[in-house]
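Sharing a structure below in structure tokens format, with a few things to ask.
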Amino acid sequence: MWKRMSNIWRKELIDSLRDRKALRMSLMMPVLMGIAFAIMSAVFSGIGSRSEDGFELQTVATIGHQYISADLAAIFDQLVIEIDPYTGTIDELEAAVKAGDIELGLVMPEQFEADILADRPTTPIMINNVGTSMSDMQNFNSRLSWAFDQYNDQLVAQRLSDRGIDPAMLTPITVETRNTAFESEDDIASSMGSMMTSFYFPMILAIAIGAGGLMTAIDVTAGEKERGTLESLLLTPAADSEIFMGKALAVVTMTLIPTTLTVLAYVITSDYIAPMIWEDFVSMSITFDKVLLTLLLCLPFIFIVGLMQMLLALRTKTAKDAQTVMGFANLVVMFPMMGGAFMRPDSPLLHLIPGFGTASIIGKMISGDSYASLIPVSLISLIVVGAIAVLIGRRMFNRERLLY
Amino acid sequence: MVERGRCVVCYNFEQSEAYRVEIALRPLQAGRVTALENGVCIMIEVRDLLKHYGEVKAVDGISFTAADGQITGLLGPNGAGKTTALRMITGLIRPQAGTVIVNGHDVAKDPQAVRTVLGMQGDAGGVYPRLTPREQLRYYGRFYPLSAAELDERVEAVIKMLNMDEIADRRAEGFSRGQRQKVIIGRALIHNPPNIIMDEPTNGLDVMAVRETRDTIRRFRDQGRCVLFSTHYMDEAERLCDNIAIIVNGKITAVGSPDTLKARTGRDTLEDAFVVLAGMDITALADSYMEA
């Protein structure tokens, strides 16, 4: 039995690897996608824009720069914020920020220092345009706000001390958080990147799993019917189940190859190539054991998706019909995986949904959440669904039905 | 080369006259022999085969035999039920009634055994465009119980037999219909089966390819194989066949050699004899040709 199955598996692999269209989808697309998503997740998380000292120099066009106190100026220096005197009016500054000529504006009140000395509230104005350059502006805004927050804390502490009150009295409870997902303080710096990766990673897996073996699934079923080779194959002594399983294994293999390539392209780009090109690129540090676990977790789902694609293609008469059907069918792969990547719930029940559970567990693993208890739940569900798919497939892969 | 008389009857017939008598008296038994008719071995026996698709009687209780070392033609117009009948003989389709015995194996009970003793060139006639003929032959050969050395030997023998040397290592993409036909016939022959079934083997081929295919069919007979093929070309049937079964609307209307059929109807050509035996008028026959 294995000899005939492996014969079919080997032939289908050779055939697929010689098919340029299938090869493009199976090899080139995942590699490019892995690279693109690795860079995207770093850029969106903002960690790629950090300088060696911690922050990139940012300039703030400021009206009334002369009113900035020495203590506040020291904080600005510490956070690498440069004050650029602006000579125009507030309206002109607003217009320049809106037009994108200036990234961030600041208006310091004339009585800023006097108000502080007199214990009166004072209100500097920060002018931004967050909609234009998302990650940089958010980063920069928060840094300027953070500078004022630090100055605020400093003033409050000073005023309380002047009145003989210990500033620590205002914070009776201080919660110290220790995140076990990270081995060192440096790792925490990439937590934002990990968060983005935990979402992007399952997403690119969903695309690779949905598209990787698609052309092979169509070729070994509807394609074989269309070419007129199926009849001669059915005339060999190979049993229907041997032919079906041989083809299914080829589809699984052709899905596993691009999935592996996608994962490797993502990890290699994120952890090795990008840090060499951009010095300030913070890698995602997806370790080899996580890569291996990701692929193992994906394997049963790949099997189910491959069978589903084959069974759907079997119902069609031509490869073109099959491609049309697959467009919709792939949503069955994408939606659960997207849901799992987004939600990552703790409820084991939702992890029974094939694809959803896989994506959720991988997301949790990347982001450092606990996931081990969810693996058996997801695996049991995948094995049951896989077994049902095999039974349906063997029933559908019937010589007489295939010919008409 | 296929030895004549591979089946049990012929083998024993050569061994003992007494055995032949015994066999002639014994009821047909699956797994042993098919039948013995006029001293030749019947390799394929079709009895009361029936296949209806709703109201359509694709095959309606047909019976005929195909002998060792002979070419048997299933002659009929398009839609007569030839392909359905051949598919039932190979076990691709289950009949609703009737039996098919090939080399003593009942197709319904042991389809895999039947497939090891026959090779079929099917109606669909496709090749794998990204594989070379040599790769296709090896692929098909691996389904049969052949050792690696035997498979190599068979691949070379088939390539030589079908004059495929020039195309053997070229990918089949862009092959002419004649070249594709060679690959398909080669695949059917790879396990050296004693029985060859061909479904309209010359359909759509050019003159040279038709001649080559017909020569190949004759060669199969000369090698001692049982050849069963379907056609709607009268001249082809007349030139090639030792025996003809005429099939019309799913029924066998006559069986015999071309000369017997002509003599029975008193006509000079097989085409005229066919019209009489098929109960068709000449217009219907012309329509059938036009469709083809």
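Of the conditions (1) away from every other protein chain (no Cβ under 14 Å); (2) over 24 Å from residue B:44 (Cβ atoms), residue B:101 satisfies every one except a single condition; which number is it?
(2)
Any idea which of (1) surrounded by fewer than 20 Cβ atoms within 10 Å (Cβ to Cβ); (2) of a type outside the set (Phe, Trp, Tyr); (3) within 8 Å of chain A (Cβ to nearest Cβ); (4) touching a residue at least 24 places away in the same chain (Cβ under 8 Å) is the one residue B:122 doesn't satisfy?
Every condition holds for residue B:122 apart from (1).
Now, a different point. Please give the number of the condition residue A:86 fails out of (1) closer than 30 Å to residue A:151 by Cα; (2) at pLDDT below 90; (3) in contact with a helix residue (DSSP H, G or I) (Cβ under 8 Å, 6 or more places away or on another chain); (4) of a type in the set (Ser, Thr, Tyr).
The failed condition is (2).
Right, another one. Going by what's in this entry, would residue B:108 be described as within 14 Å of chain A (Cβ to nearest Cβ), outside any loop (DSSP other than H, G, I, E, B) and more than 14 Å from the chain's Cα centre (by Cα)?
no
What residue, of A:119, A:91, A:77, is closer than 30 Å to residue A:162 by Cα, assigned to a helix (DSSP H, G or I) and assigned by TED's automatic domain parsing to the domain that holds residue A:143?
A:77
Sticking with this structure for a sec: For segment B:139-181, which positions are part of a loop (DSSP other than H, G, I, E, B) and among the charged types (D, E, K, R)?
B:142, B:165, B:166, B:169, B:170, B:171, B:173 - these are the residues of segment B:139-181 that are part of a loop (DSSP other than H, G, I, E, B) and among the charged types (D, E, K, R).
Find the residue count for segment A:119-176, including only residues that are under 25 Å from residue A:89 (Cα atoms), among the hydroxyl-bearing types (Ser, Thr, Tyr) and at pLDDT below 80.
The qualifying residues number 3.
Say whether the condition of being closer than 23 Å to residue B:235 by Cβ, free of Cβ contacts under 8 Å to residues at least 60 places away in the same chain, more than 12 Å from chain A (Cβ to nearest Cβ) and of a type outside the set (A, V, I, L, M) is met by at least one residue in segment B:193-203.
yes
Related question: Just to be sure I understand, how many residues within segment A:223-271 are of a type in the set (Lys, Arg) and within 10 Å of another protein chain (Cβ to nearest Cβ)?
Of the residues in that region, 2 qualify.
In this structure, is residue B:87 within 12 Å of chain A (Cβ to nearest Cβ), modelled with pLDDT of 90 or more, over 21 Å from the mean Cα position of the chain (by Cα) and closer than 30 Å to residue B:173 by Cα?
Answer is no for this residue.
The values are calculated or read from the model by the stated rules, or taken from the named source; none is laboratory data. Note that the coordinates shown come from a computational prediction; the quantities given were computed from them, not determined experimentally. Cβ coordinates were reconstructed from backbone atoms using ideal geometry, including for glycine residues, and neighbour counts include every protein chain displayed.
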